[in-house]
1. Where in the chain are the helices, taken as whole DSSP H runs, whose Cα atoms extend 24 angstrom or more along the long axis and whose Kyte-Doolittle mean reaches at least 1.6?
2. For the chain, give the magnitude of the charge dipole about the Cα centre (Cβ charges: +1 Lys/Arg, -1 Asp/Glu; no others), in debye to the nearest 20.
3. Could you compute the FRET efficiency for L18 and Q50, with r as their C-beta to C-beta distance and R0 at 30 Å, rounded to 0.05?
4. Is the C-alpha gyration tensor of the chain telling us rounded, prolate or oblate? Criteria: a/c under 1.5 is rounded; beyond that, a/b larger than b/c is prolate, otherwise oblate.
5. By how many nm would the segment from L358 to A68 grow when fully extended, if each residue of separation counts as 0.36 nm and the alpha-carbon distance is taken off?
6. About the Cα centre, and with charges only on the beta carbon of Lys, Arg (+1) and Asp, Glu (-1), how big is the dipole of segment 10-187? Nearest 20 debye, please.
7. Quick one: length gained pulling R208 to V179 fully straight, 0.36 nm per residue minus the C-alpha distance?
8. Would you please put 170-182, 93-105 in order of how densely packed they are, using the mean number of other Cβ atoms within 10 angstrom per residue and starting with the highest?
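No lab work stands behind these numbers, since they all come straight from the coordinates. Computed from a predicted model, the values in this text were never measured in an experiment. Please note: Cβ atoms are built from the backbone with ideal geometry, for glycine as well, and neighbour counts cover all protein chains shown.
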Amino acid sequence: MTAVPTASPPAARWRHLLVGLTGLVAACAAQNGLPFLTVALRGEGLSLPQVSLLVAAPTAGLVCALLAWGVLADRYGERLVLSCGLAVAAAALTGAALADAAVPTGLWLLLAGAGSASVHAASGRLVLGWFPPGQRGLAMGIRQAGQPLGVGLAALVLPRLATEGPGGAFAFLAAGCAVTAVLVGLLVRDPARPPRTDGAPRPPSPYRGPVLWRVHAASTLLVVPQFAVAGLAFDWLVREAGWSAAGAGTLLAVTQVGGVAARLGAGTWSDRVGSRLGPLRQVAVAVAVVVGLLAVVAALTPDVLGPAAAAVAVALAAVATVSPNGVAFTSVAEQAGSAWAGRALGAHNTVQNLAAALTVPLAALLADGGPGYPAAFALGAAAAAGAVGVVPGPAAERPAVAAGAR
């Protein structure tokens, strides 16, 4: 991964981590927070299918742009990519706030997702470039906490700003991206990269070997249980487990705090043991067990088990399924090396988001038009079990990881 000067002050590292975290919070609020505007958008006269297209537009834009942002980050650096991408997202969200019809709103949201994709391609690389190997797991755990924090922020703020229509909520999201773009321009400096001598060959592609492919594949499989639980838990709690909508929403909001703690814990653990792949495999085992337990609980509810058992099973699954993200992300960047990190992280996020986009409708079909919620959750458990066998062995770690643990 990127070289870290030994003389770099700790304050500079943590400043870059804070900016990276802020960028991810702003981006994820815009990308993943639109479901909280469903009521407001339907109040504009849109049908539920039309609303779902608007909600999905930022994710579609993100998938289309991730690889391009990764290539640009490898060539021009993180600061330029982050500031330009967030500025594009801010301008597009401003356009969405001013739009007066569904089609232009959707196009603006598509562009907002494409711009904010720069955060996924470059901010993680920025953080990793400023931290030595022995601190990268914790640093990436903190950075990856931006996803649940962004969703939580959107849940708290967007519905309140959208009482008179979604424009105020879009304006809030635009302001968050704009402020973060300014912070990047003022506070971020690209980390040092390993020097290249004149005439030296370009570093070979890390995709010539199987390790990076397997990390991508395992992480993609682990997205299936994450989004099966995230997409269906609320509906299952209300429809079959005896919870009210308000109670289920509060429960799932609290699990976001647990998700943050899980990501931090997994990152710290990987630093201490000097391995990303070992903890990733063990977390995958835990995800398979916990989501499998949720499937069993769903099969026994409400005939045998009640609301309390359902709540415990959902809380455990919601926390466990988000815990692998930071460790996997760190592993990808370290396996790729500084010359390829932007492209590798862009590819990683692309396949994960594609898997997420496919998982929710497939799980919904199983739950609503097929065998039911237990089968949908069992699908997630099976995918996690598959990931256990796909994660490479610890022997495949790059030397820098183990060295950082000493």
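1. Answer set is 167-187, 277-300.
2. 1380 debye
3. Working: r = 38 Å, r/R0 = 1.28.
Result of the calculation: an efficiency of 0.20.
4. On the way: a/c = 1.93, a/b = 1.22, b/c = 1.58.
In terms of gyration-tensor shape, oblate.
5. 102.2 nm
6. About 580 debye.
7. Here the answer is 6.4 nm.
8. In descending order of packing, they fall as 170-182, 93-105.
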